[in-house]
Amino acid sequence: MKFFVDTAEIADIKELAETGLLDGVTTNPSLIAKSGRDFMEVTKEICGIVDGPVSAEVVALDHETMMKEAETLRKIADNVCIKVPLTIDGLKTCKKLRADGTMVNVTLCFSANQALLAAKAGASFISPFVGRHDDNGFDGMALIEDIHQIYSNYGFETEILVASIRNPVHVLQSALIGADVATMPPAVIKGLFKHVLTDKGIEGFVADWAKTGQTIPTA
Ligand code: E4P
């Protein structure tokens, strides 16, 4: 399973990239606004930190302007993945961009039928938003299960990129279903490393080792 970080904060991306476990980055207009950075500049900087896909979202609502924005965004770097909304214009844009091999992430997916349409449009990634789905009284993980089943029924190559993840349980459930990617806020990725018994175990080993008075030679 690939791990993407869902942020435009450079310090967080650098810190997570240093673990060697980060496979990509997703951004959206809200995250760019939160960063306070220039969209083009920060996207270029992120693309230089990670080798994997960096999603940069178009903001136009019509196909023609989406294509023009995508043209600008894909020149930023080879690892830019153009993010388009799940609308008729968004999927027309997806289909056209995929024809020449441009990576496309179709975002704001809230139903399995929408995911089916995105796969038919040749999307590289489909982004179902599980947290927002749960927040509105639906079952986000049931949506991931349905999409996974449909994609496997027809052998679609579109990768399921679970988005709007709120906690480590969302990651666990996505992995059990077999989703391809999880994009998470930095705090959720860091939370995956944590366990109270790991901390307690380290504390015990450190204390007992100190009693031996020994050191392990490091040079
Ligand atoms: C994914 O690409 C989106 O940017 C993101 O996961 C949305 O998450 P939110 O619901 O926490 O805003």
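Read the figures in this text as sums done on the coordinates, not as results from a lab. Fair warning: this is a prediction, and the values are worked out from it, not measured in the lab. Here the Cβ is made from the backbone with ideal geometry for all residues, glycine too, and neighbour counts use every protein chain on show.
May I ask you to sort Asp89, Asp135 by Cβ crowding, counting other Cβ atoms within 10 Å and putting the fewest first?
Starting with the residue having the fewest Cβ neighbours, the order is Asp135, Asp89.
Using the 10 angstrom Cβ neighbour count as an exposure proxy, how do Phe3, Phe125 rank, fewest first?
Ranked by crowding around the Cβ, least crowded first: Phe3, Phe125.
Cα axis of helix 63-74 to longest principal axis of the chain: angle in degrees, 0 to 90, nearest 10?
The two axes meet at around 40 degrees.
Please give the calculated 222 nm ellipticity per residue for the chain, where each DSSP H segment of at least 4 residues contributes -39500 (n - 2.57) and the sum is spread over every residue; nearest 500 deg cm²/dmol?
-15500 deg cm²/dmol
Considering only DSSP states other than H, G, I, E and B, which GluC sites (Glu not before Pro) in the stretch 140-219 qualify as loop sites with at most 16 other Cβ atoms within 10 Å? Don't skip to the answer; put the middle values down first.
Details: sites: Glu145, Glu157, Glu159, Glu203; in loops: Glu157.
The qualifying sites are Glu157.
Helix 140-154: angle to the longest alpha-carbon principal axis of the chain, degrees 0 to 90, nearest 10?
It works out to around 60 degrees.
Taking a ≥ b ≥ c as the square roots of the eigenvalues of the Cα gyration tensor of the stretch 2-194, is the shape rounded (a/c under 1.5), prolate (a/b larger than b/c) or oblate?
Oblate is the answer for the stretch 2-194, as a/c is 1.5 or above yet b/c matches or exceeds a/b.
Rank Tyr154, Leu86, His63 by how far each Cα sits towards the positive end of the charge dipole of the stretch 2-194 (+1 on Lys, Arg Cβ; -1 on Asp, Glu Cβ) and give me just the farthest.
Positive-end residue among those listed: His63.
Contact order normalised by length for the chain, with contacts defined as Cα pairs under 8 Å and 6 or more residues apart; what percent is it?
17
Could you calculate the FRET efficiency of Lys211 with Ala175 from 1/(1 + (r/R0)^6), where r is the beta carbon distance between them and R0 is 41 Å, rounded to 0.05? Show your work: numbers first, answer last.
Values: r = 40 Å, r/R0 = 0.97.
Using R0 = 41 Å, I get an efficiency of 0.55.
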